[in-house]
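In what follows, a single structure is set out as structure tokens and then discussed.
The values are calculated or read from the model by the stated rules, or taken from the named source; none is laboratory data. The model shown is predicted, which means the values in this text are computed figures rather than measured ones. No Cβ is skipped: glycine too gets one built from the backbone with ideal geometry, and neighbour counts run over all protein chains shown. Heavy atoms of the whole protein, side chains included, go into the accessibility calculation; ligands, DNA and RNA do not. Shrake-Rupley method; radii C 1.70, N 1.55, O 1.52, S 1.80 Å.
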Amino acid sequence: MLFLVKYEKFTDTIGQVTMIIQNPIYEDPTEDSFYTDSLTYPVQESIPNMDAYLRVNLETKELYYDYILRETFETKVTALQQENNELKQAIADLTMTLAAVMAG
């Protein structure tokens, strides 16, 4: 069985799979596609708060899933709290430096 795998280049060695066509009408593959007669689909895991993206290793033509943390309200709040704490620390450091210069 023949498959045409189309992808968008993610890096030089990784592509984001956009389409897989089984028994396609033959046409010359483009820069962002390839033909294969042996295609093994990876098993997609269900991981909480993670999104699965079907990728292809462009050197080996192997498919795999890349799992990326989903941005949720909770993750945004956590990031803002972290940034807030860093800004508070920077203000405290600047205040101490300014006090030392003025006392100096």
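Shown here: region 1-52, whose C-alpha atoms stretch 40, 25, 14 Å along the first, second and third principal axes, sorted largest to smallest. Cross-link partners for LYS76 among the aspartates and glutamates, with Cα-Cα distance under 19 Å and sequence neighbours closer than 8 places in the same chain left out: ASP51, GLU86. For GLU45, the solvent-accessible surface computed with a 1.4 Å probe is close to 110 Å², ligands and nucleic acids excluded.
Among the chymotrypsin sites (Phe, Trp or Tyr not before Pro) in region 17-62, those placed in a DSSP loop whose Cβ has at most 12 other Cβ atoms within 10 Å are TYR26.
Pair-distance distribution of the chain: all C-alpha pairs, bin width 10 Å, starting at 0; shares per bin in whole percent are 13, 27, 18, 14, 12, 9, 5, 2, 0. Neighbours of MET50, meaning other residues whose beta-carbon lies under 12 angstrom from its beta-carbon, give a summed charge of -3 when Lys and Arg score +1 and Asp and Glu score -1. For the pair region 74-104 and region 31-49, the centres of their Cα atoms are 45 angstrom apart.
Nearest 10 degrees, 0 to 90: what angle lies between the long axis of helix 73-103 and the longest principal axis of the chain (Cα atoms)? The angle comes out at about 30 degrees.
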